[in-house]
Amino acid sequence: MSRNYRLLVENAKQVVLICNNGEKFLTKMGMQNLCIIENGSVVIGTDGLIKAVGPAETIRAQYSESSFERVIDATGMCVLPGLVDAHTHPVWAGDRVHEFAMKLAGATYMEVHRAGGGIHFTVEHTREAGAAALLTSLSGRLARMQRAGTTLVECKSGYGLELQTELKMLQVIQEAGRSLPIAISSTYCGAHAVPKGKTVAEATEDILRVQLPRLKELMSGGRLRVDNIDVFCERGVFDLGSTRAILQAGKDMGLNINFHGDELHPMNSAQLGAELGALAISHLEEVTDEGITAMAEAKTAAVLLPTTAYILRLPQPRARDMLEAGVIVALGSDFNPNAYCCSMPIVMHLACVNMRMSMPEALAAATINAAFALGRSHTHGSLEVNKQGDLLVLNAARWEHLIYQLGGHQEIIRYVIIRGNVV
Ligand code: NIG
Ligand code: FE
């Protein structure tokens, strides 16, 4: 007997749609008023897309149970869109647990970096590692993110700082995207640090004259898919001028601009990003009022990273000021050897407690707005017809338990579903 649909999730106590009007992002009012159906069901087709979402009785009247390959009875449970993690550095070899001890003893992030540790330590290990080993560790990390509810994740290169290793990382990301259910948005971050022995000008020149042209060649030949370009715009790393040149060159190749800005010092990164039409800027712990206004006007998303501020004891990103100003606020885990966190539920919890976001704001930031920051909010980030059938079924009667129970997502997330398949 032929089945016309892949999955029915029925009778959920709450179905959190996030929004239902085709919105590409939400600002404060929309984030505070999420669209929720009490006692609802979701239908996913064999193409992996959502076919219907609505009150359980309506769906039951329209679809016969026998037309589904699988039916999940979600009585007493909640359904949410899969989470979107808008910022990670998940491809690397060599952990930095020893540096965590140094930082706990008082060393700052930049002190460790200047002493040759930090990103430089990871670069040394990642350059030496084979692609197969990097793919194995990346796959394990992505599987962990998936178990914590992430169904779309941004993945950066940036621990090579020269052509061969940057390409190796991007190819490993591409390979992981082909073999795992989780969706990936891939980012070239060759300007993550200035390689040892080079000046900023030399590093910028290498990116503009060697790395980006090769990337362009591979991309246009269809041999490599890259979505975004990133630069670490920071004092002692890439200054505003070199950041501008690299981001503009990436944009000219068709990449989305999505970069690290105003993290440790106010650099006017927000204004630069707004001027260049950046899709998103991450960190922003040190953003100025002018930067916030510029981002709100340009519709450049702010990807806030609560784990980094927490681990490095930085000032908290000004989420409330951004929300008041109308900025599109998104969230990311910033998973990297400095901030070893794969869990968006923990990230949302930290955003609520430390950055004073409400739970609905945090969920919108980790779904529709994170998808917008990756240029994917037409396919991801909410439960709407024709979007991807990516959803979480929570073993809880209210969706807020996902955030409230700190570190409890292993118990609460009953199913992670990607394109209608339980993964
Ligand atoms: O987003 N700030 C720069 N990049 C990363 C850290 C990367 C690392 O320390 O390895 C971040 O926090
Ligand atoms: Fe980062």
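Listed here are the residues, each with its yes/no results for (1) within 16 Å of ligand 2 (Cβ to nearest atom); (2) surrounded by 15 or more Cβ atoms within 10 Å (Cβ to Cβ); (3) closer than 30 Å to R419 by Cβ.
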{"residue": "E99", "(1), (2), (3)": "yes, yes, no"}
{"residue": "G106", "(1), (2), (3)": "no, no, no"}
{"residue": "Y109", "(1), (2), (3)": "yes, yes, no"}
{"residue": "I119", "(1), (2), (3)": "yes, yes, no"}
{"residue": "A133", "(1), (2), (3)": "no, no, yes"}
{"residue": "R147", "(1), (2), (3)": "no, yes, yes"}
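Results for (1) of a type in the set (S, T, Y); (2) surrounded by 14 or more Cβ atoms within 10 Å (Cβ to Cβ); (3) farther than 14 Å from L255 by Cα, shown as yes or no for each residue.
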| position | (1), (2), (3) |
| --- | --- |
| Y188 | yes, yes, no |
| V200 | no, yes, yes |
| I207 | no, yes, yes |
| L215 | no, yes, no |
| G221 | no, no, yes |
| V226 | no, yes, no |
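Among the residues of segment 166-185, those that are of a type in the set (S, T, N, Q) and either surrounded by fewer than 21 Cβ atoms within 10 Å (Cβ to Cβ) or not assigned by TED's automatic domain parsing to the domain that holds L218 (or both) comprise Q171, Q174, S179. Taking the stated definitions as given, is T204 hydroxyl-bearing (S, T, Y), free of Cβ contacts under 8 Å to residues at least 24 places away in the same chain and at negative phi? Answer is no for this residue.
For segment 334-367, a residue qualifies if it is of a type in the set (V, I, T) and either surrounded by fewer than 24 Cβ atoms within 10 Å (Cβ to Cβ) or at positive phi (or both), and the qualifying residues are I346, V353.
Considering only residues of segment 316-343 that are part of a loop (DSSP other than H, G, I, E, B) and more than 16 Å from ligand 2 (Cβ to nearest atom), which is nearest to L26 (Cα to Cα)? So, considering only residues that are part of a loop (DSSP other than H, G, I, E, B) and more than 16 Å from ligand 2 (Cβ to nearest atom), the one nearest to L26 (Cα to Cα) is I328. Picking from residues in segment 369-412 that are crowded, with 18+ Cβ neighbours inside 10 Å and basic (K, R), the one that is farthest from C35 (Cα to Cα) is R376. Checked against the criterion of being farther than 30 Å from G140 by Cβ and not in a loop (DSSP other than H, G, I, E, B), segment 73-96 contains one or more residues that satisfy it.
The residues of segment 183-235 that are of a type in the set (G, A, S) and within 26 Å of the chain's Cα centre (by Cα), listed by number, are A183, S185, S186, G190, A191, A193, S220, G222. Among all residues of segment 305-326, there is at least one that is in contact with a helix residue (DSSP H, G or I) (Cβ under 9 Å, 6 or more places away or on another chain), among the acidic types (D, E) and more than 10 Å from ligand 1 (Cβ to nearest atom).
The values are calculated or read from the model by the stated rules, or taken from the named source; none is laboratory data. Bear in mind that the values here come from a model prediction, so they are computed numbers and not experimental data. Glycine also receives a Cβ, built like all others from the backbone with ideal geometry; neighbour counts cover every protein chain displayed.
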